[in-house]
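Accompanying notes for the structure given below.
The values are calculated or read from the model by the stated rules, or taken from the named source; none is laboratory data. Quick caveat: nothing in here was measured; it's all calculated off a predicted structure. Here the Cβ positions follow ideal geometry from the backbone for every residue, glycine too, while neighbour counts run over all protein chains shown. The area values use the complete protein model at the heavy-atom level, side chains included, leaving out ligands, DNA and RNA. Shrake-Rupley method; radii C 1.70, N 1.55, O 1.52, S 1.80 Å.
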Amino acid sequence: MYDYIIVGAGLSGAVFAYEATKRGKTVKVIDKRNHIGGNIYCESIEGINVHKYGAHIFHTSNKRIWDYVNQFATFNHYINSPVANYQGKLYNLPFNMNTFYAMWGTKTPQEVREKIAEQTQHLQGIEPKNLEEQALKLIGKDVYELLIKGYTEKQWGRSATDLPPFIIKRLPVRFTFDNNYFNDRYQGIPEGGYNVIIEKMLEGIEVELGVDFFEKKSKWENQAKKVVFTGMIDQYFDYKHGELDYRGLHFEHEVLDIDNFQGNAVVNYTEREVPYTRIIEHKHFEFGRQEKTVITREYPADWQKGEEPYYPINDAENNAIFAKYAKEAEAIQDRVIFCGRLADYKYYDMHLVIERALAVVEAEFTKS
Ligand code: FAD
Ligand code: UDP
């Protein structure tokens, strides 16, 4: 009999397992995949840590979370500075003075402001109802058409007029020559890849891989006082309120017999006609000097039940379904804790996943 059975050896499950063990509790972690780490798992290929489920860059402004994660790994000085390729021409991201120079030849913030004002004036005072309106109001039609529309529509598989405005609000717009994709105070890649973190969190903890919780649900439930569930919340409740939708991804990994393919870790392909959204060259995350290189093309795809669910689609319809499951979860909170990107159905970055897991830990262990 364990205190906790933890379903999922991703970041959420690993943080909970580590914290519970530290408090003297007995835990067992299970995962249906044959490796730990969930979506932050890296596989070493040609001596390069390949981010198997998409590029992962750690960033946060929360010092507590930064200090927390630094217990488990040393972070390097990598700063994410993706480049966008539109019809063979390159533009720096996020949208900044370098991008505007490449697009318009503008050299000063004043010139850029005038150019953007020209293209956005007619939309001021309008509350954007969708992503297209939000982007046009924020940055104008040139940037929207070259760098946003095609990428966004293939990424999400629907028209930008059918997407919520908040998605694009993640991206900074700057009037400085600063190519840092994030505004956060802290950023980097763990030296040795993300497995270092998860391995350290799960050190000495019993982990069973290749087992699907749902195949023997009652067996697992009978083995522990409580379950921590980090999988899909709709699946846990047998889809009784309907199925939540996700965006899928396919990754095509390739080893190349050259030492440097694109000179940058991330290159986005922003035109609609190119079927992938980006090419990742993994060695650049860790300033690798290996003889070969590994690249990954990332293809967005419609998601089918049974495939890996990557991005929750937080539109009104799905959020309403989720709210019903959240209510069910509340009713059984003395037996099951729901936590993580899939159980909370939220587009969490890693720092938010850690923050959420630590909040769950705090609530669990400060109870009377
Ligand atoms: P997961 O990593 O999904 O782990 C859940 C685990 O539960 C999985 O291993 C799964 O196999 C297991 N599981 C599910 N159901 C069952 C079951 N029935 N039985 C047994 N096991 C089960 N964040 C950033 O901060 N920076 C980035 O640059 C970034 N890039 C990203 C790029 C992509 C393409 C994606 C998809 C996400 C990205 N993220 C990024 C987000 C990051 O991946 C997540 O925040 C984090 O991995 C979530 O951890 P988790 O443990 O909640 O979920
Ligand atoms: N985006 C874009 N062009 C780009 C990169 C991003 O239009 O070159 C938009 C797109 O809608 C995407 C959103 O910005 O979904 C958020 O981008 P981010 O890089 O944060 O996405 P993620 O890391 O979650 O894949």
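Find the residue count for the stretch 46-57, including only residues that are open to solvent by less than 10 Å² (accessible area, probe 1.4 Å) and near ligand 1 (Cβ under 6 Å from one of its atoms). Talk me through it step by step, then tell me what you get.
Here is the first cut: in the stretch 46-57, the residues open to solvent by less than 10 Å² (accessible area, probe 1.4 Å) are 48, 50-51, 54.
This time we only want the ones that are near ligand 1 (Cβ under 6 Å from one of its atoms), so: 54.
Looking only at that region, the number is 1.
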Q) List, please: which pairs have Cβ atoms under 9 Å, are six or more places apart or on different chains, and start with a residue in the stretch 64-78 that is in contact (Cβ under 8 Å) with a residue 24 or more places away in the chain and of a type in the set (A, V, I, L, M, F, W, C) and end with one that is open to solvent by 60 Å² or more (accessible area, probe 1.4 Å) and assigned to a loop (DSSP other than H, G, I, E, B)? A) 66/185; 73/191; 75/191
Q. Tell me, which residue of the stretch 341-368 that is without any contact (Cβ under 8 Å) to a residue 12 or more places away in the chain and more than 9 Å from ligand 1 (Cβ to nearest atom) is most open to solvent (accessible area, probe 1.4 Å)?
A. 368
Q. Residues in the stretch 22-37: is at least one buried (at least 19 other Cβ atoms within 10 Å of the Cβ), polar (S, T, N, Q) and modelled with pLDDT of 95 or more?
A. no
Q | Test result for residue 109, open to solvent by less than 30 Å² (accessible area, probe 1.4 Å), in contact (Cβ under 8 Å) with a residue 40 or more places away in the chain and more than 27 Å from residue 43 (Cβ to Cβ) | A | no
(Q) What's the total number of residues in the stretch 301-339 that are within 16 Å of ligand 2 (Cβ to nearest atom), assigned to a loop (DSSP other than H, G, I, E, B) and open to solvent by less than 50 Å² (accessible area, probe 1.4 Å)? (A) 6
**Q.** Test: residue 200 is of a type outside the set (A, V, I, L, M, F, W, C) and farther than 15 Å from residue 8 by Cβ
**A.** yes
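With of a type in the set (Lys, Arg), more than 16 Å from ligand 1 (Cβ to nearest atom) and surrounded by fewer than 16 Cβ atoms within 10 Å (Cβ to Cβ) as the only criterion, which of 129, 137 stands out?
Numbers: 137 fails: surrounded by fewer than 16 Cβ atoms within 10 Å (Cβ to Cβ).
Step by step, each of 129, 137 is checked, and only 129 is of a type in the set (Lys, Arg), more than 16 Å from ligand 1 (Cβ to nearest atom) and surrounded by fewer than 16 Cβ atoms within 10 Å (Cβ to Cβ).
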Q: Please identify the pairs in which a residue from the stretch 212-232 that is open to solvent by less than 50 Å² (accessible area, probe 1.4 Å) has its Cβ atom under 8 Å from the Cβ atom of a residue that is among the hydroxyl-bearing types (Ser, Thr, Tyr), counting only partners at least 6 apart or on another chain.
A: 224/2; 224/4; 226/4; 227/4; 228/4; 229/236; 230/12
(Q) Which of the helices (runs of 4 or more DSSP H) found entirely inside the stretch 166-254 contain at least 3 residues meeting this: more than 10 Å from ligand 1 (Cβ to nearest atom) and either at pLDDT 95 or above or closer than 23 Å to residue 299 by Cα (or both)? (A) 166-169, 195-201, 217-222
Q: Kindly establish whether residue 43 is more than 6 Å from ligand 1 (Cβ to nearest atom), of a type in the set (D, E, K, R) and open to solvent by 10 Å² or more (accessible area, probe 1.4 Å).
A: yes
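Examine the stretch 78-92 for a residue that is in a loop (DSSP other than H, G, I, E, B) and touching a Gly at 6+ places or on another chain (Cβ under 7 Å), and state whether such a residue exists.
For the stretch 78-92, residues in a loop (DSSP other than H, G, I, E, B) and touching a Gly at 6+ places or on another chain (Cβ under 7 Å): present.
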Q: Scan the stretch 144-161 for residues that are without any contact (Cβ under 8 Å) to a residue 12 or more places away in the chain and assigned to a helix (DSSP H, G or I) and jot them down.
A: 145
Q: Identify, by number, the condition in (1) in contact with a strand residue (DSSP E or B) (Cβ under 6 Å, 6 or more places away or on another chain); (2) not in a loop (DSSP other than H, G, I, E, B) that residue 73 doesn't meet.
A: (2)
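Could you grab me the full set of residues in the stretch 343-353 that are in a loop (DSSP other than H, G, I, E, B) and either in contact with a Pro (Cβ under 6 Å, 6 or more places away or on another chain) or within 15 Å of ligand 2 (Cβ to nearest atom) (or both)?
Just the residues of the stretch 343-353 that are in a loop (DSSP other than H, G, I, E, B), to begin with: 343-349.
The answer is 345, 346, 347, 348, 349.
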(Q) Considering only residues that are among the small types (Gly, Ala, Ser) and open to solvent by less than 10 Å² (accessible area, probe 1.4 Å), which ones fall in the stretch 242-299? (A) 248, 265
